[in-house]
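Structure record follows, encoded as structure tokens.
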Amino acid sequence: MVLVVGGAGYVGSMLARELLNKGYAVRIFDKFYYGEKGIEDVKDRVEIIQGDMRNMDLSVFQEIDAVINVGGLSNDPTAEYNPRANYEMNVAATETLAKLSKERGIKRFIFASSCSIYDLGFAGEDVVQNEEAKVNPKAAYSKSKYDAERILLKMVDEDFCPVILRKGTIFGFSYRMRYDLVVNTFVKDALTKGKITIFRGGEMWRPLVDISDVVKAYLSCLEAPEDKVKGQIFNVSHNNYRISELAYRVRGALREIGIKADIEVDYTPQNIRSYRVSTRKIESVLDFHSTCEIEDSTKDMVKMINRHAYTDFLNPRYYNIQWMTLLEETEKILKKLGSIF
């Protein structure tokens, strides 16, 4: 059985489905900040435990053969909104999860890290970075991921096999949909405003990868021989793109399915991330190759958004920072209000 921490989230909900399709038994541990919609149609096929990853009981790990941790706060705005919670979930909870896994004799532990660790900004040298590159992340989110990586790597021994996936910016449809990721935002804006806005001229670089390829990468690390993955870090990306190129590729794909959108360029100075990464390691070690192109994902996203009625685009549930701030405000009101009726 595979334990997926954060299994109802953007990536976790799609990963859980693929694990089921591959014949794995799945246990999902999630606080369900965003509700259960992401796994609504598979709830009867998985075991569900609702709880806070910062306070997990050893019993959660009973009968578990491998752990995939895709839980925690998952972008810069939410990390900066509450740095304490970001550290507790992304660093401290990851360390606790790993220790509990070792205590239960669970060897394979796969951790969701991020290529944002490589961010150089516009002031840095424009180079393609691999897993051996020296990094010194400053932002709360990327630093928390890097700190968790270092903790896991120190725990490597003959009884514990942590694997780290540094993923590029993800795009594509999920049953726990997000519209605060760059390609997904472009699609949403095209559908709602008839235009795509690129900031600072779209000059910055970003590694991008479709969610279906991310899920395949997790499966590859789960099933690979231990000697190939133990204590290893792998970059996961389809390619490096300038944001301006992304916008034009999304617009071109939308035009093929009859959706017109203009591109609006905003040159207002902003603090924006920029970095490129190499994926040669995962390709050579695991023979893993991402296959989903931006155009195909864009067209599929539109189809699935319409099919499953994810068209209430202003719903804060689709935007991590908006939803988390709304939940916190609601919690404060309810504490003062008590029972509503």
- [ ] Having 1 or more residues that are touching an Asp or Glu at 6+ places or on another chain (Cβ under 9 Å) and charged (D, E, K, R) is the bar; report the helices (runs of 4 or more DSSP H) wholly within the range 220-339 that clear it.
- [x] 243-256, 280-286, 294-307
Task: Search result, residues across the range 116-156 that are modelled with pLDDT of 95 or more, in a loop (DSSP other than H, G, I, E, B) and over 18 Å from SER278 (Cα atoms) - done: MET155, VAL156
Open item on the list: Consider the range 34-47. How many of its residues are of a type in the set (Ser, Thr, Tyr) and either surrounded by fewer than 16 Cβ atoms within 10 Å (Cβ to Cβ) or more than 17 Å from the chain's Cα centre (by Cα) (or both)?
Closed with: 0
Task: Failed item in (1) surrounded by 19 or more Cβ atoms within 10 Å (Cβ to Cβ); (2) out of contact with any Phe, Trp or Tyr (no Cβ under 8 Å at 6 or more places or on another chain); (3) not basic (Lys, Arg), with ILE282 passing the rest - done: (2)
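Report, by residue number, each residue of the range 55-92 that is of a type outside the set (Val, Ile, Thr) and more than 24 Å from ARG178 (Cα to Cα).
ASN55, MET56, ASP57, LEU58, SER59, PHE61, GLN62, GLU63, ASP65, ALA66, ALA92, listed by residue number.
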Open item on the list: Quick check on my filter: what residues within the range 1-37 are of a type in the set (Lys, Arg) and farther than 15 Å from SER59 by Cα?
Closed with: ARG17, LYS22, LYS31, LYS37
Open item on the list: Six or more apart or on different chains, Cβ atoms under 9 Å: show the pairs whose first residue is in the range 302-313 and more than 16 Å from ASP41 (Cβ to Cβ) and whose second is of a type outside the set (S, T, N, Q) and surrounded by fewer than 15 Cβ atoms within 10 Å (Cβ to Cβ).
Closed with: VAL302/ILE257; LYS303/ILE257
Task: Yes/no for ALA79 being closer than 20 Å to LYS143 by Cα and in contact with a helix residue (DSSP H, G or I) (Cβ under 9 Å, 6 or more places away or on another chain) - done: yes
Task: Filtered residue count, the range 8-47, keeping only those that are over 23 Å from LEU326 (Cα atoms), of a type outside the set (A, V, I, L, M) and part of a loop (DSSP other than H, G, I, E, B) - done: 3
Open item on the list: Go through the range 99-123 and report how many residues are in contact (Cβ under 8 Å) with a residue 12 or more places away in the chain, over 13 Å from ILE64 (Cβ atoms) and among the small types (Gly, Ala, Ser).
Closed with: 5
- [ ] Only residues that are modelled with pLDDT under 90, among the hydrophobic types (A, V, I, L, M, F, W, C) and assigned to a helix (DSSP H, G or I): list them for the range 50-84, please.
- [x] ALA79
Open item on the list: free of Cβ contacts under 8 Å to residues at least 12 places away in the same chain and among the basic types (Lys, Arg): is that true of LYS167 in this structure?
Closed with: no
TODO: Please tell me if GLY231 is out of contact with any Phe, Trp or Tyr (no Cβ under 6 Å at 6 or more places or on another chain) and at pLDDT below 95.
DONE: no
Task: Pick from the range 148-166, criterion crowded, with 17+ Cβ neighbours inside 10 Å and among the charged types (D, E, K, R), ranking: nearest to the chain's Cα centre (by Cα) - done: ARG166
Task: Yes/no for ILE198 being modelled with pLDDT under 95 and not in a helix (DSSP H, G or I) - done: yes
Task: Given (1) at pLDDT 95 or above; (2) surrounded by fewer than 19 Cβ atoms within 10 Å (Cβ to Cβ), index of the condition THR325 fails - done: (1)
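The values are calculated or read from the model by the stated rules, or taken from the named source; none is laboratory data. These numbers come from a predicted model, not from an experiment. Cβ atoms come from the backbone with ideal geometry, glycine included; neighbour counts cover every protein chain shown.
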